[in-house]
Structure formats: C-alpha cells, structure tokens
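So that we are looking at the same thing, I have put the structure below in structure tokens.
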C-alpha cells in the first residue's frame, strides 16, 4: 500500500503522531514529572482546589488516567489533542489534499527538533497553553470547519482556557486585539474573521474561566505578584522609602528578602510569607502594597520597565529540563503516585528521571534553539518580503502573526506577573517551527499544482 494512502488514514495519523511526540516519555520509561505534578495529582484525586492553581488539570489527570489506572493514558490523550490540532492546521491553512501526510511529517520533524515532545510528555498543564492559542485561532480564522470539528474545538478551547490562570489573560488579550482590528477596514481583517458572533462566544468562554479559577486567583494572585516585586527589587525599594512612616509587618524582613521569586514563594522555612502566617494572612497587607506601587507613577514606571525587560529575557530562555529532577522515595510525588496510581509505582521508580539518569539533552537544547531562531527568520522574511512568492494568503498571514503574538503574550504575562522560567517559554516555542513547516509544505503543495 502506498505511503500517501496509508498516511491519509485519519486514525493511523493520530496514533502514530501521538506516539511520535511521546518519545521523550517513552525514552524515560515514564511520563516526565515536575514538582507541580504532585499538586495536580492531589487536587484531581482528592477533588480539592489547590490554593495556587485551578483544579481543572487535576481533574483531567483523574479522568484520562481512568481514575488511577495509569498516567500513560493522560500523556496519550493530551498528545492526541495536539496531533489533532496540527492536522486541522494543515487541513485548513494549506488546503492540501493530503493533510494527514503533511501533518505527520511535521509531527515527526517537530518531535526531534523542538520542545514539543518534552512538553506533551510532561504531567503538568503547560501543554494546554499552545492548545488554547491554536484552538482559538482555528475557530476564528478557518472558514471551513465542519460542525463536529467546531463543537469539538469549542470543547478543547473551554478545557484549555480553564487549565491555567495565565490562559485567561492570553485569550482575553488575543480576542480583544482581534475584535479591535475587525473594526478597522484598512487592516482587511474584517474580510477574514468568520463572524463577530463567534468572537463574542469565545470571549464568553474565556471569561467563564474566571468562575472556574476564582478560588485559586483569590488565594494566590497577591503572592505571585509580590514574588515578582521581590525579584525585580521594587518591593525592597518601596519598603526602604515607606517603612519609616508606614510600618507594614513585612518591614521587619525588608533587609533579608530572598533574591528571587521562587524562594520567596516556596521556601517554607525562611520566606517572610510563612513567618507572617502564610498566604491567607498576608493577603490584605500584600494587596495594599501592590495597589500603592501601581497607583504611584514613580513605581508604575518601574513595574512597566521590569515587565518589558523580563519579557525580553523570557523570550530567549526556553531550555528543556529545568526542574525535572528526581522525585524519589520520601517525596510527596512518590508518595502520591503510590497512593493514587499504584499500578504505575514500579515503572515510576525505574524511570531514568527518578534514578537521576535522565539526560537534560544539552545537545537537544542547542538544536531546538537554533531551529526556533532559523524558523523565526524564515517566517519574518516570508511575511514581509516573499508573501506572494511563498503563496501566503492574507488569512494565513494573520494566523502566523497571531500565533507569534500569542507567544509574546505568554512570555509577557508569565514574566510580568510571576517569574522568568525556561518552561514558560518552552511550552509555546515549538509553535514557531510549526509555522515554518506550514510555509514549507504550502510552497511544496503549490509548486506541484503549478
């Protein structure tokens, strides 16, 4: 049987694609874990909303692992969603007769040149950041989705929007920007947007995430932003100038503040947060300090400058492996896997990560960074100078630009409201080589037709 005929089998494509982007987990011998994995397991299996994140991904783990049969099923399902979305991209943004073949070749390429297999094989909500961006843009910019595809995309968007607090802001900024552009005829955007009614539906779904995440947002937003103020030095400067006249409780610790946000947030023994009573106790005072600095022009300028500097830094930091240390016997994660997914415990204990044998892929990081930079240059050249020659339609051009905008929004929100961390950028950077592959296969398809 010919390769094209086999690869055009939709289910064959989904299966092979999901396996391909799971190779890092397969190589490890178990899905990749992170410190946050433990919290997600606890929330999903105990049905309790954590104080620092929504319960959504925890419930996703519970349901997709079939109540604790195996976490391999969770990795498989989230990989299937990614593969399906990439299939739709090739189906609607290249107009090819062989979307399965082109998308499968792209999946295989991305699996060995990008951060995708690492992110899709990890048991945290990061994979749903690119999923929420792609599903939103397909719904808004594709004119040919079937009714079944549209309903499923709405479900994926609703699910991914509720997975992480940063997703609500990313989607909100994207939708508002698109809505504003649709009112300016000189952009030509009004001729591409499917309907403003659909845009408003997506806005409603996005805002519904506030209800789902309200508990976590209320408990944690003051802590995360204060951590940002610790790391950029604004808190120390403000306390030095204020404590003499307005003695906050945290003034007692202004000369011993941690150097970075992570230690401020998670050093349970030394951080002022826990010496002052914890997240709930400090809420009123921290909110008062945050409000005071944001309403003061002097400090507002510092906040803005810090956000821009850290966004620039975040855009260039997307190495893989950060935080993927061994969580062996005696850790909460090991304990919870034993309690909630006992069938997996043996495989987890034998995995390369658990035994500190998991390479951080320094060479792989070099490859994926170079691929991202090369792909970005290709995209910019294509959009600015070679749009007609490369057969890039106006619809595709807007799609590419909004994916890039989504990546910048992701890095801006994380760097401005939380901290700079490699995984925040790594979770979306594989979208850049994906866009380059869309351009390459579009050229190939059009050359065959001419």
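The values are calculated or read from the model by the stated rules, or taken from the named source; none is laboratory data. The structure displayed is predicted, hence computed values, not measured ones. With ideal geometry, Cβ positions are generated from the backbone for all residues, glycine too; neighbour counts draw on all protein chains shown.
Go through segment 318-346 and report how many residues are assigned to a helix (DSSP H, G or I) and surrounded by fewer than 18 Cβ atoms within 10 Å (Cβ to Cβ). Reasoning before the result, please.
If we filter segment 318-346 for residues that are assigned to a helix (DSSP H, G or I), which is where we start, we get 332-340, 342-346.
Those left that are additionally surrounded by fewer than 18 Cβ atoms within 10 Å (Cβ to Cβ): 332, 335, 338-339, 342-343, 345-346.
Residues in segment 318-346 being assigned to a helix (DSSP H, G or I) and surrounded by fewer than 18 Cβ atoms within 10 Å (Cβ to Cβ): 8 in total.
What helices (runs of 4 or more DSSP H), lying completely within segment 92-185, carry at least 1 residues that are farther than 24 Å from residue 405 by Cβ?
99-113, 116-120, 147-161
Which of the following residues is surrounded by fewer than 19 Cβ atoms within 10 Å (Cβ to Cβ), farther than 23 Å from residue 149 by Cα, modelled with pLDDT of 90 or more and touching a helix residue (DSSP H, G or I) at 6+ places or on another chain (Cβ under 6 Å): 61, 108?
Numbers: 61 fails: surrounded by fewer than 19 Cβ atoms within 10 Å (Cβ to Cβ).
Just one listed residue meets the conditions, 108.
Okay, residues lined up against (1) within 17 Å of the chain's Cα centre (by Cα); (2) surrounded by fewer than 22 Cβ atoms within 10 Å (Cβ to Cβ); (3) at pLDDT below 95:
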site: 76; (1), (2), (3): no, yes, no
site: 96; (1), (2), (3): no, yes, yes
site: 116; (1), (2), (3): yes, no, no
site: 132; (1), (2), (3): yes, no, no
site: 145; (1), (2), (3): no, yes, yes
site: 156; (1), (2), (3): yes, yes, no
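Quick check on residue 16: is it touching a residue at least 12 places away in the same chain (Cβ under 8 Å), part of a helix (DSSP H, G or I), more than 21 Å from the chain's Cα centre (by Cα) and crowded, with 17+ Cβ neighbours inside 10 Å?
Yes; evaluated as a whole, the condition is true for this residue.
Still on this structure, I have one more. Exactly one of (1) surrounded by fewer than 21 Cβ atoms within 10 Å (Cβ to Cβ); (2) modelled with pLDDT of 95 or more; (3) touching a helix residue (DSSP H, G or I) at 6+ places or on another chain (Cβ under 7 Å) is unmet by residue 72. Its number?
Result: residue 72 passes all but (3).
Quick grid of which residues meet (1) more than 19 Å from the chain's Cα centre (by Cα); (2) at pLDDT 95 or above; (3) more than 18 Å from residue 421 (Cβ to Cβ):
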position: 307; (1), (2), (3): no, no, no
position: 320; (1), (2), (3): no, no, no
position: 323; (1), (2), (3): no, no, no
position: 328; (1), (2), (3): yes, no, yes
position: 337; (1), (2), (3): yes, yes, yes
position: 340; (1), (2), (3): yes, yes, yes
position: 344; (1), (2), (3): yes, yes, yes
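Please go through (1) touching a residue at least 60 places away in the same chain (Cβ under 8 Å); (2) part of a loop (DSSP other than H, G, I, E, B) for residue 299 and return the number of the only condition it doesn't satisfy.
Looking at each condition in turn, residue 299 falls short on (2).
Same structure again: Taking residue 51 as meeting all but one of (1) buried (at least 20 other Cβ atoms within 10 Å of the Cβ); (2) not in a helix (DSSP H, G or I), write down the number of the exception.
If we test residue 51 against (1) buried (at least 20 other Cβ atoms within 10 Å of the Cβ); (2) not in a helix (DSSP H, G or I), just (1) comes out false.
Does residue 292 count as under 32 Å from the mean Cα position of the chain (by Cα), surrounded by 15 or more Cβ atoms within 10 Å (Cβ to Cβ) and more than 21 Å from residue 54 (Cβ to Cβ)?
The answer is no for residue 292.
Modelled with pLDDT of 95 or more and surrounded by fewer than 19 Cβ atoms within 10 Å (Cβ to Cβ), is that true of residue 27?
no
Give the number of residues within segment 206-220 that are over 14 Å from residue 55 (Cβ atoms) and buried (at least 18 other Cβ atoms within 10 Å of the Cβ).
Result for segment 206-220: 1.
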